[in-house]
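Every number in this text was worked out from the coordinates using simple rules, so none of it is lab data. On a predicted model such as this, the values are computed, not experimentally measured, just so you know. Here the Cβ positions follow ideal geometry from the backbone for every residue, glycine too, while neighbour counts run over all protein chains shown.
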């Protein structure tokens, strides 16, 4: 082996020191004390004992945050009471996954066609040995995965641990059953102990941090369909207590195509000579119905029943009163 | 051992000869900034990045510096600084064979001998869920390649964390008619004639388009296309396409590909030339602040929110105001303050 390379004596940067510390702790088969670490990493930690301890604690904490467990052992014998440190590579390194090139390519394409808006997807890809690619063709989906609550809730679900958070000003404790990404939002389906019933929560509307309770505190309901448990916009229009479950709405010819694809041809009551059509539309939830109706501005008009028609006129009158 | 000496010499030489990358043009700099790195990176960030980068490089052994920087969304200057730092790290006595074996040689990053950090870190649970979410969404995409291969990959991932891959995480992508026809047209470079309902004007018009990209966002499929009518690139919502036929013309991919910026994450939704309005929304109109890309959002003490957003037309704003009802008000510009009321009056007249 050649002569040792003399380490520079000037102040070493913290990143270099952290890498050296990790390399040292991973390479040694026996745990070593801070005193030994300082002797090995000559001039990398402060000469002042207190300052060196603070630097070391910071490095240790940062490495742990990166997912590197650092074992601590209290020594006996001549070093009784001293703490020694060790890193077992097997505890933080990824084992060989045995991915074929074809599987890695498929994962790369998946990552390129699904935009998460979060770095985790790319990080995972690189760790698996794959890379970011940019296919020129094909549909791409955006599902958004940047909400920090997602990982916490998904972890809790896998452990069957209840999650606790504030929602609409109330503290909820929820046995989380599953999550659904739909229309740019994430929904949590679970048993809400406050309401004593299954409820759906929009994750971005959680008003606090999410804390996780004890593992294995509940069992999953059988045959629960998470996708069906979250009502669609169309189902929301039918979910209410308004006395009229449906209304007949005249839709201008230019929009008949779109309304038919949303509600099906079965919703058409009759077609008119100018291409317009009368649709039977759920309106039990007045708020959802109003949002849908006014999205068409003057291309949609409630024709029956009279109560719903008058309600629409009243909404418009209230708003027009501002002129 | 002699080889290591050569390697180390190469490192030292490189350190002297590595040139500071040429100053990047403004656009490139903006992309680098987009990697969430503002200001100096912390030691922890640099180490975290290297622990992902080094095993990735060691698997490949030689990769062009520019490619590595692009792949990891780093500036070349940051990448060179990190690699130079890594090259002097290792274990005592810090002889060449006890250092991380990575160096830069004539524009290439070389990491041929795995000494330290040759295996990647384990996936965090968030990374595991992210990749499962990506795979599940990708498997639902029309024309998605290798569905069975992706399934095999997930089976292998399950060995790492069975609970995560079994995660009750569901992706509901929207259905849209014409999606498959658009996909094959893009594939065949076939020009299309569409009948399209434009909500900004409440009218159906014919357009001739050349598909540049198909994507979903907030529950709708869109096609980004060259539009003959405006001569510009436009996003069309696929469910508003009422009919679609091929014109018979085939275009060259280069004609459209050169106009796409692959680092453009916002799909070019709204340009700065569009009019900016500020709305005050409250209660059951609060969805407006969530449903559209906003320039700014300010929460007020009374529970309302002031939202600034760009509008595509007066008609589009009128529609938004009608839907928001009395819980949305225009703050600026002045000319739109009564637009909601005027629109309601006009729609109300149909009921007379």
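The table that follows gives values for the structure above.
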{"item": "Among A:188, A:128, A:293, residue whose mean-square fluctuation peaks in a GNM of chain A (springs only between Cα atoms under 10 Å)", "result": "A:293"}
{"item": "Crossing angle, helix A:149-159 versus chain A [Cα axis fit, 0-90 degrees, rounded to tens]", "result": "80"}
{"item": "Bins of 20 Å from zero: percent of alpha-carbon pairs in chain A", "result": "20, 37, 27, 13, 3, 0"}
{"item": "Peptide-level mean, for A:145-155, of C-beta atoms on other protein chains within 10 Å", "result": "4"}
{"item": "Cβ crowding within 10 Å averaged over residues, with B:125-132, B:82-89, B:62-69, B:112-119 ranked highest first", "result": "B:125-132, B:82-89, B:112-119, B:62-69"}
{"item": "Chain A, relative contact order in percent, only Cα pairs under 8 angstrom and at least six apart counted", "result": "9"}
{"item": "Computed over segment A:101-142, Kirkwood Rh from alpha-carbon pairs, angstrom", "result": "10.4"}
{"item": "Helix A:306-320 axis, angle to chain A major axis (alpha carbon atoms, nearest 10°)", "result": "60"}
{"item": "Whether segment A:235-294 is rounded, prolate or oblate, judged on the alpha carbon gyration tensor where a/c under 1.5 counts as rounded", "result": "prolate"}
{"item": "Percent antiparallel among DSSP beta bridges (both partners in the protein assembly as shown, rounded to 5)", "result": "90"}
{"item": "Segment A:235-320, relative contact order [Cα under 8 Å, separation at least 6], %", "result": "38"}
{"item": "Antiparallel DSSP beta bridges within chain A, as percent of all bridges there, nearest 5", "result": "95"}
{"item": "Rounded tilt (10° steps) of A:253-263 against the dominant C-alpha axis of chain A", "result": "60"}
{"item": "Number of partner chain Cβ atoms within 10 Å, mean per residue of A:226-233", "result": "2"}
{"item": "Rounded if a/c under 1.5, otherwise prolate or oblate - segment B:275-351, Cα gyration tensor axes", "result": "prolate"}
{"item": "Average partner coverage of B:184-190, which counts Cβ from other chains inside 10 Å", "result": "1"}
{"item": "Theoretical ellipticity at 222 nm over chain A - DSSP helices of four or more residues, -39500 (n - 2.57) apiece, nearest 500", "result": "-10500 deg cm²/dmol"}
{"item": "Of A:216, A:183, A:60, the one that fluctuates the most in a GNM where chain A has Cα springs shorter than 10 Å", "result": "A:60"}
{"item": "Per-q log10 I(q)/I(0), the protein assembly as shown, q = 0.05, 0.07, 0.09 Å⁻¹ (Debye; single scatterer per alpha-carbon; no solvent)", "result": "-0.31, -0.60, -0.92"}
{"item": "Equivalent ellipsoid semi-axes, segment B:179-257, via Cα gyration tensor eigenvalues times 5, rooted, Å", "result": "18, 14, 12"}
{"item": "With 5 Å bins from 0: P(r) over segment A:149-230, alpha-carbon pairs, percent", "result": "3, 16, 30, 29, 17, 4, 0"}
{"item": "Most mobile listed residue (A:13, A:90, A:223) in chain A, GNM with C-alpha springs under 10 Å", "result": "A:13"}
